[in-house]
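Participant: Okay, handing you the structure first.
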Amino acid sequence: MIQRTEGLMDNWDEIRTAFQVARLGTVSGAAEVLGVHHATVIRHIDALEQRLGVKLFQRHARGYTATEAGQDLARVGQTTDEQFHQLVGRIRGRGADVSGELLVTSLITFAPLMVPALVSFQDNYPDVVVRYLTDERVFRLEYGEAHIALRAGPSPEEPDNVVQPFTAQQIGLYASQAYVEKHGRPADETDLAGHRFVAHDVPDNRAPFQRWLRSVVTYDRVVFRSTDSRVLERAVLEGTGIGFFGTFEAAQHPELVEIFPPRPEWEVPLWLVTHVDLHRTAKVQAFLKHLKDYVGPSGTAECASA
């Protein structure tokens, strides 16, 4: 364990630097995240090691690996950094004015819905700075990583979050006109076995439409695979094979041919998630109302055309 820790929190910049080096494994990576020169990172690490009298990192050709003492310090740095971001997120979310940063997160799949909704929200509230964060990971609202999250699938169950049912993503099966001209259009499910498909790289992906595809064709018919929905959609548009689109996104591409229309069993439920501490703030409530109005009373995302 780390000894000689007196006064450590007087040197938060150095601790934060050590945390980022431990997390990323390189001086250059930490420097980029922190917005400092790599020499500053090295200076902070050297100063901490001298102050503590222990080695925090093993240096090697590929970068830095935290020692046991370095891992202890990194855990302290991570906890403090998360608590600080939580505090900042709460402070920014307070107040009666709809202004400042609005942090919204979702999977990139929902960008065709969320981007125009966010832009029209900004038209109504020009003092808002939008930060729309997309990633496969789940952003932690309790640490202030986002004000509002759009989640897909089963109802989220994280404690201290307010979860509201939002809508259902309607999913259809599509191919490009070029694919249909080259390979023909399947008449029904029995005609699918001879066609080429674009789908998720993980065969047991839990999305309902992916499970359906796995039940009707063998996986070797999936000739183009990826873990990124943008890549899969692009592959379908390029004529590689038949694949799934949300109907709102498909409507943006007139070159697509609907193979099978949306089915109830392919629907993906969507949820709006906020942290209990920020749920009632003016900014969060204003965007929640705007997004629901944007989708419309039918409650289906393909109706969002405003």
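The values are calculated or read from the model by the stated rules, or taken from the named source; none is laboratory data. This is a predicted model, so every value here is computed, not measured. So basically every Cβ, Gly included, is an ideal-geometry build from the backbone, and we count neighbours across all protein chains shown. Surface areas here come from the heavy atoms of the whole protein model, side chains and all, with no ligands, DNA or RNA. Shrake-Rupley method; radii C 1.70, N 1.55, O 1.52, S 1.80 Å.
Participant: Restricting to segment 124-136, and then to whatever is β-branched (V, I, T) and within 22 Å of D277 (Cβ to Cβ), can you tell me which residue is most open to solvent (accessible area, probe 1.4 Å)?
Facilitator: Looking at the filtered set, the residue picked out is V129.
Participant: Could you give every pair whose Cβ atoms fall below 7 Å, whose first residue belongs to segment 109-137 and is free of Cβ contacts under 8 Å to residues at least 24 places away in the same chain, and whose second residue is assigned to a helix (DSSP H, G or I) and open to solvent by 30 Å² or more (accessible area, probe 1.4 Å), counting only separations of at least 6 or pairs across chains?
Facilitator: none
Participant: Then there's this: Given the options F110, F139, F121, name the one that is hydrophobic (A, V, I, L, M, F, W, C), at pLDDT below 80 and open to solvent by less than 30 Å² (accessible area, probe 1.4 Å).
Facilitator: F139
Participant: Something else: Would it be correct to say that P159 is exposed (fewer than 12 other Cβ atoms within 10 Å of the Cβ), under 30 Å from V295 (Cβ atoms) and modelled with pLDDT under 85?
Facilitator: Yes: the conditions hold for P159.
Participant: Among the strands (runs of 3 or more DSSP E) contained in segment 121-172, which hold 2 or more residues that are outside the structural domain of L256 (by the TED database) and over 28 Å from W266 (Cα atoms)? Even if it seems obvious, please write down each step before you answer.
Facilitator: Values: elements: 128-134, 148-152, 161-169.
The qualifying strands (runs of 3 or more DSSP E) are 128-134.
Participant: Might you check whether a residue that is part of a helix (DSSP H, G or I) and either open to solvent by less than 10 Å² (accessible area, probe 1.4 Å) or in the same structural domain as Y143 (by the TED database) (or both) occurs anywhere in segment 228-244?
Facilitator: yes
Participant: Now, a different point. Which one is most open to solvent (accessible area, probe 1.4 Å) among residues in segment 256-271 that are in a helix (DSSP H, G or I) and in contact (Cβ under 8 Å) with a residue 40 or more places away in the chain? Even if it seems obvious, please write down each step before you answer.
Facilitator: Kept after step one, since they are in a helix (DSSP H, G or I), are these residues of segment 256-271: 264-266.
Within this subset, residues satisfying the condition of being in contact (Cβ under 8 Å) with a residue 40 or more places away in the chain are 265-266.
Working: E265: 100, W266: 0 Å².
The residue in question is E265.
Participant: May I ask you to list the residues in segment 217-227 that are open to solvent by 40 Å² or more (accessible area, probe 1.4 Å) and in a loop (DSSP other than H, G, I, E, B)? Spell out the reasoning first.
Facilitator: Residues of segment 217-227 open to solvent by 40 Å² or more (accessible area, probe 1.4 Å): 218-221, 223-225, 227.
Once the filter is applied, which keeps residues that are open to solvent by 40 Å² or more (accessible area, probe 1.4 Å) and in a loop (DSSP other than H, G, I, E, B), segment 217-227 yields T218, T227.
Participant: Oh, and also: Could you say whether any residue in segment 194-209 is in a helix (DSSP H, G or I), out of contact with any strand residue (DSSP E or B) (no Cβ under 6 Å at 6 or more places or on another chain) and touching a residue at least 12 places away in the same chain (Cβ under 8 Å)?
Facilitator: Scanning segment 194-209, I find at least one residue that is in a helix (DSSP H, G or I), out of contact with any strand residue (DSSP E or B) (no Cβ under 6 Å at 6 or more places or on another chain) and touching a residue at least 12 places away in the same chain (Cβ under 8 Å), so the answer is yes.
Participant: Check R214 against each of (1) closer than 30 Å to R140 by Cβ; (2) surrounded by fewer than 21 Cβ atoms within 10 Å (Cβ to Cβ) and name the one condition it does not meet.
Facilitator: (1)
Participant: Pull out all pairs, ordered by first then second residue, where Cβ-Cβ is under 9 Å, the residues are six or more apart or on different chains, the first lies in segment 149-163 and is at positive phi, and the second is open to solvent by less than 40 Å² (accessible area, probe 1.4 Å).
Facilitator: Final answer for the pair search is G153/A207; G153/V268; G153/L270; D160/L141; D160/H275.
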